[in-house]
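None of the figures in this text is laboratory data; all of them are computed from the coordinates on show. Note that the structure is a prediction, hence the values are computed from the model and not measured. Note: ideal-geometry Cβ built from the backbone for every residue, glycine included; neighbour counts use all protein chains shown.
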């Protein structure tokens, strides 16, 4: 008689430790997030293509299927529709809200709600060893498994302390997910030379404008 575990082992699945991402270019030359968390970071950052004018890399269902397949999350022949794309984007933007929270911002609770409604009830197989980390495998080979695998990566990172270092840049029109490698975990911007400098310039202009108004109430 085939047990449920034996059946699960025979089914297609995504083993988290086997999912790896070649380093992707980051603003300011930052290093990407470590291990499988780089895959979550890359997914969140699909909203902005650094090399093609900043367009959303997941603008249509075929683009989503292609991105997931190229990162080993689904089979090459997997097809997704408009509803699948909407659900994937709800997960992506909900994760970004969590990253804003990691950077001290108040998250949009409606986006967090859509994130959790969009996550599937994926089957998670756990295998334990005495001298190694638990092996986690999300059963399935479709969009549910892909989104479930990323949710599992986030959950593990929240437990082991890596998650709080993955942040969303609060720069105007930014929101890029970056990993804060600093010792004191004080990083705020995806790139100090870009978003950080712009924020300093805006702050400086506001201070000068306020000072002019204080000395001359007719000043614009």
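Taking 0.36 nm per residue of separation and subtracting the Cα-Cα distance, full extension of the segment from residue 24 to residue 159 would add 46.1 nm. Just check region 66-171 against the gyration tensor rule for me: Cα atoms, a ≥ b ≥ c as the square roots of the eigenvalues, rounded for a/c under 1.5, and otherwise prolate or oblate depending on whether a/b exceeds b/c. Because a/c hits 1.5 or more and a/b fails to exceed b/c, region 66-171 counts as oblate. Taking a ≥ b ≥ c as the square roots of the eigenvalues of the Cα gyration tensor, region 47-105 is prolate, since a/c reaches 1.5 or more and a/b is larger than b/c. Residues 17, 191 in ascending order of nearby Cβ atoms (within 10 Å, fewest first): 17, 191. Footprinting exposure proxy ranking of 15, 188, fewest other C-beta atoms within 10 angstrom first, gives 15, 188.
Take 138, 44, 154 and order them by how many other Cβ atoms sit within 10 Å, fewest up front. Kindly include the intermediate steps, with their values, before the conclusion.
Numbers: 138 27, 44 23, 154 20.
The order, fewest Cβ neighbours first, is 154, 44, 138.
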